[in-house]
Amino acid sequence: MKKRMKLKGRLKIYMQTSLYMGILLVLVDVGVYFLDVRAGFLLTCFLLFYFAMIVLLMLYNRPVIIHELVSFATQYGQIQKTLLRDMAIPYALLDEDAKVIWSNTAFRAAIHSEKGFRKSITYVFPSITKDKLPEGEQEAEIAISFEENDYVAHIIRISLKGVVEDSDIISEKDYEGCLYAVYLFDETALKIALRENDAQSLCVGLIYLDNYEEALASVEEVRRSLLTALIDRKVNKYISGFDGICQKIEKDKYLIILRKRAVMQMQEQRFDLLEDVKTVNIGNEMAVTLSIGVGVDGLTYAQNYEFARTAIDLALGRGGDQTVVKMPDQIHYYGGKSQQVEKNTRVKARVKAHALKEIITSKDRVLIMGHNMADVDSFGAAIGIYRVARSLERKAQIVINNVTTSVQPLMDMFKNNPEYEEDMFLNSQQAIEEAESNAVLVVVDVNKPSITECPELLKICKSIVVLDHHRQGTETIENAILSYVETYASSTCEMVSEILQYVNDGVRIKTEEADAMYAGMVIDTNNFMSKTGVRTFEAAAFLRRSGADVTRVRKLFRENAAEYKAKADAVSQAEIYRNDFAISVCSSEGLESPTIMGAQAANELLNIRGIKASFVLTSYQGKIFFSARSIDEVNVQVIMERMGGGGHLNIAGCQMENTSVDEGIRILKRTLDRMIEEGEIG
C-alpha cells in the first residue's frame, strides 16, 4: 500500500527539488563543453555521480518518509481520539435515528453507563427526540434534566456527503446521510444560583381585614382595643415567622414585604393565617376574616406592588377570606371557604346609584346585556336597568339572543305589550348596528367578558357599567367606568332593586317589571333558602310593594311533564362519590332548556342527607354544562374554576367543548380527588 501512495503538494515539490537542480546542472554542463571540453567532461562525471546518489536516496528515503508520515498521522489521530475521549464536556455521536454510536468518558459518567451506550438517546433524555434533531446547517439547543442535574444539549448536524465522495463501497449519488454531535453543558450550578437568586427576590403583599368594623361592633367598647391588638399580634407573628416585614398602614390594612421563598412556603401551607385569625375571640360574635393579595415576579418592586393591589382587589371582589397571588402570567387562589358577610349599610348602593344616574344622563342611549343563555336573574336585572334608563328619559334596549324556557314566560309579558317599545329587545347583530359613541353599555349578572351575550359590544362601547353578584375570576371586564360587584348579594335583581330606590326620586316600576325582578330573586335564592340576608328581604318587600305577585310568579315557573321527568331522572340516577358528592347527568332530549333542569336537579340533590356538594352534567348544543351546588361545607366556585368556570361559593358552573359526558365525569372526579389531596376541600 505504501508503494502505491503518492506524495503531493509542497512535500512532493520538496522531495523533487534535488532532481530539478540536477536538470539545471545538465544545461550548465552543455554550456561548459563549449568553453572547455575537459572541464565539461569533469562536470559530466560529477553529474553521473550526483544522479546516482539522488536515485539511491529517493529509493531509500521515500518509504522511510512515508512510514514516518503515516506514523505521525496515526499518532496524531490517536491523540485527537484521546483528547475527545477524555474531554471534560460530555460528548456523543448519534446516527440519523438518534441512536448513540459513540460517546466519551464524560458522557458515560453523566448517564452512569460504564460500558459503551448504544441505545437511543431518548431512552436517557426523553426530551431529545428524533423530530427535534436539527436539519441542514441549523443547530439545536434543548434544555434537559437528568436526575438532579440540569443540562443544555447543543446538537450539531454533520453531513457525510463529503466523506463518501472517494469511497469505493458507498455510492455518493443522492447520498444525504449525516451524524449528530451532542454536547452536554452542565448548568446545574447556574440553575441553583438562579433559583436561589429568584427565591431571594422581594415580593409585596397587602392584608385587609374584611369585616373590621362589624367585628368591633360585636364586642364591648372597652374590649375593642384588645381585639385589635390580638389581630395585630397574629398578623405580625405570622409574617415575622417568614422573616418578612409587616407595617400597619391603616386601621384595617397592612403592607408586607417578603422573600419569594417565604411566599412559596406560605403557598405550601395554603396561607394558614386565614384560618388562624378566625380563632381570635374575646367575646366577639363575628369571627374576623382577612384577605391577602401578593405580587410576585414583577420586573420592578413598583410592579410587584401593582400586582399586589390587583390581587387584593380580586380577593375582595371574590368575597374575601382568601389569598390571591398574582404573577405576570397567572393567578393562584387560596381559601375563600367562608360566606361573605352582608353589609348592613346601604351607603355603597346609594353612591353607586347616583354614579349610575350621572353616567346614564350624560348619554343618549342605554344598551343592557347579560350573560349568554340568559337566566331569570339576568333578565330581571336587565328589566330593572331598563326602568332606570326610562325614568331618566333615555332610550333603552336589552340585548338577548337565545330565550330559554325559563325566561320565555317573562319575555311574553313585555313582547306585544303596548306599554313597551317594539324594539325593546335586540339580538347581537342589531345591537352592534345600534351601538354608537354616545351610548352606555350596562352589563348585568356577569363580569366575565367571554360569556356575555355579545362580547363584541364590549369593544365597541366606550362607556361600560358592570353590575354583578358573582365572585370575580381571572378574566374580568377591565375597562368599566363603573363596577358594582357585591358577592354577598343574593342576586343581581336584589342589587338593582336597591339602586331603583336611590337612582331617582319617585321611580315607579310596573307590575310586569316587579314580577321579573322578584322572579330573579326567587330563582337565585332557591325560594329564599340560600344566600339570603336582611337586605334580600328588604329588596323583596320593595318589589312586593311595587306590585310583584308571589302566586303569579310561581305560575310562571311551572314545568311541563317532560321537564319534570328529566329532573326526576337526574335525581334518581345520581352517583354518590366519596360519600360526600352527588354526581348525575340530566338528559337534554325533548327539552328546550335542559341546562335549567340540570341546575334545578343539582339543587334537589342537596336535600339528600350527608351530601356536601352536587354536580349535574347536561349535554346541550355540542357542549357539556356543569351545574354545581352546595350549602355551606364546600366552595363549589373553586372546584369549577379548576375546570375553567366560576360562580359563587354555593352556586357555580362551567362549560366544556369537544368532551363527552363520561369524560366530563372523569375530569370532575379527578379534580375532586386532587383538591381533596391538596386540602383545598374537605
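The values are calculated or read from the model by the stated rules, or taken from the named source; none is laboratory data. What you are looking at is a predicted structure, and each value in this text was computed from that prediction instead of being measured. Glycine gets a Cβ as well: all are built from the backbone with ideal geometry, and neighbour counts include every protein chain shown.
Can you tell me which residue is farthest from Arg558 (Cα to Cα) among those in the stretch 572-586 that are surrounded by fewer than 20 Cβ atoms within 10 Å (Cβ to Cβ) and not hydrophobic (A, V, I, L, M, F, W, C)?
Looking at residues that are surrounded by fewer than 20 Cβ atoms within 10 Å (Cβ to Cβ) and not hydrophobic (A, V, I, L, M, F, W, C), I get Arg578.
Residue by residue, here is whether (1) outside any helix (DSSP H, G or I); (2) exposed (fewer than 13 other Cβ atoms within 10 Å of the Cβ); (3) of a type in the set (A, V, I, L, M, F, W, C) holds:
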| residue | (1), (2), (3) |
| --- | --- |
| Glu96 | yes, no, no |
| Trp102 | yes, no, yes |
| Phe107 | no, no, yes |
| Glu114 | yes, yes, no |
| Phe117 | yes, no, yes |
| Thr122 | no, no, no |
| Glu137 | yes, yes, no |
| Ile144 | yes, no, yes |
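Is there any pair with a first residue in the stretch 216-234 that is touching a residue at least 12 places away in the same chain (Cβ under 8 Å) and in the same structural domain as Val277 (by TED's automatic domain parsing) and a second that is outside any helix (DSSP H, G or I) and among the acidic types (Asp, Glu) whose Cβ atoms are under 6 Å apart and which are 6 or more apart or on different chains, and what are they?
Taking only residues 6 or more apart or on different chains, the pairs are Ser218/Glu285.
To keep it simple, each residue is scored yes or no on (1) among the aliphatic types (A, V, I, L, M); (2) touching a residue at least 24 places away in the same chain (Cβ under 8 Å).
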site	(1), (2)
Glu114	no, no
Val124	yes, no
Thr129	no, yes
Lys132	no, no
Gln138	no, no
Glu141	no, no
Asn149	no, yes
Ala153	yes, yes
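Note down all Cβ pairs under 7 Å where the first residue falls in the stretch 650-666 and is assigned by TED's automatic domain parsing to the domain that holds Ile639 and surrounded by 19 or more Cβ atoms within 10 Å (Cβ to Cβ), the second is of a type in the set (S, T, N, Q) and assigned to a helix (DSSP H, G or I), and they're at least six residues apart or on different chains.
These pairs meet every condition: Ala652/Gln637.
Filter the helices (runs of 4 or more DSSP H) completely within the stretch 1-91 down to those with at least 1 residues that are at pLDDT 70 or above and closer than 30 Å to Ala106 by Cα. Before the answer, list the steps.
Values: elements: 10-15, 17-35, 37-85.
Ranges flagged: 37-85.
Cβ-Cβ below 7 Å, separation at least six or inter-chain, first residue in the stretch 24-52 and surrounded by 10 or more Cβ atoms within 10 Å (Cβ to Cβ), second among the acidic types (Asp, Glu): which pairs?
Qualifying pairs under 7 Å: Gly40/Asp29; Leu43/Asp29; Thr44/Asp29; Leu47/Asp29.
Criterion first (surrounded by fewer than 19 Cβ atoms within 10 Å (Cβ to Cβ), under 21 Å from Gly319 (Cα atoms) and hydroxyl-bearing (Ser, Thr, Tyr)) does Tyr420 satisfy it?
Details: surrounded by fewer than 19 Cβ atoms within 10 Å (Cβ to Cβ): yes; under 21 Å from Gly319 (Cα atoms): no; hydroxyl-bearing (Ser, Thr, Tyr): yes.
When the stated conditions are applied, Tyr420 does not pass them.
Do we find a residue being among the basic types (Lys, Arg), crowded, with 21+ Cβ neighbours inside 10 Å and within 26 Å of the chain's Cα centre (by Cα) anywhere in the stretch 307-327? Break it down into steps so the answer makes sense when it comes.
Here is the first cut: in the stretch 307-327, the residues among the basic types (Lys, Arg) are 309, 318, 326.
Imposing the further condition that a residue be crowded, with 21+ Cβ neighbours inside 10 Å reduces the set to 318, 326.
So of that shortlist, the ones also within 26 Å of the chain's Cα centre (by Cα) come out as 318, 326.
For the stretch 307-327, residues among the basic types (Lys, Arg), crowded, with 21+ Cβ neighbours inside 10 Å and within 26 Å of the chain's Cα centre (by Cα): present.
Which residues, taken from the stretch 483-533, are polar (S, T, N, Q), without any contact (Cβ under 8 Å) to a residue 60 or more places away in the chain and assigned to a loop (DSSP other than H, G, I, E, B)?
Ser490, Thr525, Asn527, Thr532
Mind telling me which of the residues Glu494, Glu513 ends up being surrounded by 24 or more Cβ atoms within 10 Å (Cβ to Cβ), among the acidic types (Asp, Glu) and out of contact with any Asp or Glu (no Cβ under 9 Å at 6 or more places or on another chain)? Walk me through it before giving the result.
Working: Glu494 fails: out of contact with any Asp or Glu (no Cβ under 9 Å at 6 or more places or on another chain).
When all the criteria are applied, what remains is Glu513.
Give Arg261, Arg195, Arg224 a once-over and let me know the one that is basic (Lys, Arg), part of a helix (DSSP H, G or I) and surrounded by fewer than 15 Cβ atoms within 10 Å (Cβ to Cβ). Walk me through it before giving the result.
Details: Arg261 fails: surrounded by fewer than 15 Cβ atoms within 10 Å (Cβ to Cβ); Arg224 fails: surrounded by fewer than 15 Cβ atoms within 10 Å (Cβ to Cβ).
The conditions single out Arg195.
What are the residues in the stretch 188-214 that are touching a residue at least 40 places away in the same chain (Cβ under 8 Å) and among the charged types (D, E, K, R), if any?
Selection gives Lys191, Asp198, Asp210, Glu214.
Just one of Ala353, Ala381 is outside the structural domain of Ile257 (by TED's automatic domain parsing), buried (at least 19 other Cβ atoms within 10 Å of the Cβ) and farther than 16 Å from His470 by Cα; which is it?
Numbers: Ala381 fails: farther than 16 Å from His470 by Cα.
One residue alone meets the criteria, Ala353.
What residue, of Ile631, Ile608, is under 23 Å from Gly335 (Cα atoms), surrounded by fewer than 21 Cβ atoms within 10 Å (Cβ to Cβ) and not assigned by TED's automatic domain parsing to the domain that holds Glu268?
Working: Ile608 fails: under 23 Å from Gly335 (Cα atoms).
On inspection, the qualifying residue turns out to be Ile631.
Within the stretch 667-678, does at least one residue satisfy the condition of being polar (S, T, N, Q) and either within 27 Å of Val485 (Cβ to Cβ) or in the same structural domain as Asp321 (by TED's automatic domain parsing) (or both)?
Here is the first cut: in the stretch 667-678, the residues polar (S, T, N, Q) are 671.
From what's left, either within 27 Å of Val485 (Cβ to Cβ) or in the same structural domain as Asp321 (by TED's automatic domain parsing) (or both): 671.
Yes, the stretch 667-678 contains a residue that is polar (S, T, N, Q) and either within 27 Å of Val485 (Cβ to Cβ) or in the same structural domain as Asp321 (by TED's automatic domain parsing) (or both).
Could you check, for the stretch 541-562, whether at least one of its residues is within 37 Å of the chain's Cα centre (by Cα) and outside any loop (DSSP other than H, G, I, E, B)?
As a first pass, look at the stretch 541-562 and keep what is within 37 Å of the chain's Cα centre (by Cα): none.
Checked the stretch 541-562: no residue is within 37 Å of the chain's Cα centre (by Cα) and outside any loop (DSSP other than H, G, I, E, B).
Check the stretch 430-444 and report whether any residue there is under 24 Å from Asn526 (Cβ atoms) and modelled with pLDDT of 90 or more.
Here is the first cut: in the stretch 430-444, the residues under 24 Å from Asn526 (Cβ atoms) are 444.
Going one step further and asking which of them are modelled with pLDDT of 90 or more, we end up with 444.
Among the residues of the stretch 430-444, at least one is under 24 Å from Asn526 (Cβ atoms) and modelled with pLDDT of 90 or more, which makes the answer yes.
What are the residues in the stretch 567-600 that are part of a helix (DSSP H, G or I) and in contact with a Pro (Cβ under 7 Å, 6 or more places away or on another chain), if any? Please lay out each step first, then the result.
Step one: of the stretch 567-600, the residues part of a helix (DSSP H, G or I) are 567-572, 594-600.
Passing the criteria: none in range.
Out of the residues in the stretch 636-682 meeting the condition of being part of a helix (DSSP H, G or I) and acidic (Asp, Glu), tell me which one is farthest from Asn579 (Cα to Cα).
This residue is Glu641.
Please work out which one of (1) closer than 20 Å to Lys326 by Cα; (2) modelled with pLDDT of 95 or more is the condition Tyr301 fails and give its number.
(2)
Could you run through the stretch 268-304 and say how many residues are under 23 Å from Leu216 (Cα atoms), loosely packed, with under 15 Cβ neighbours inside 10 Å and among the β-branched types (Val, Ile, Thr)?
Final tally of qualifying residues: 2.
Do you know which residues across the stretch 311-331 are farther than 15 Å from Gly646 by Cβ and at pLDDT below 90? So that I can check it myself, show each step before the final result.
Taking the stretch 311-331 and keeping what is farther than 15 Å from Gly646 by Cβ, we get 311-313, 316, 320-321, 323, 325-330.
Within the stretch 311-331, Asp313, Leu316, Gly320, Asp321, Asp329, Gln330 meet the criteria.
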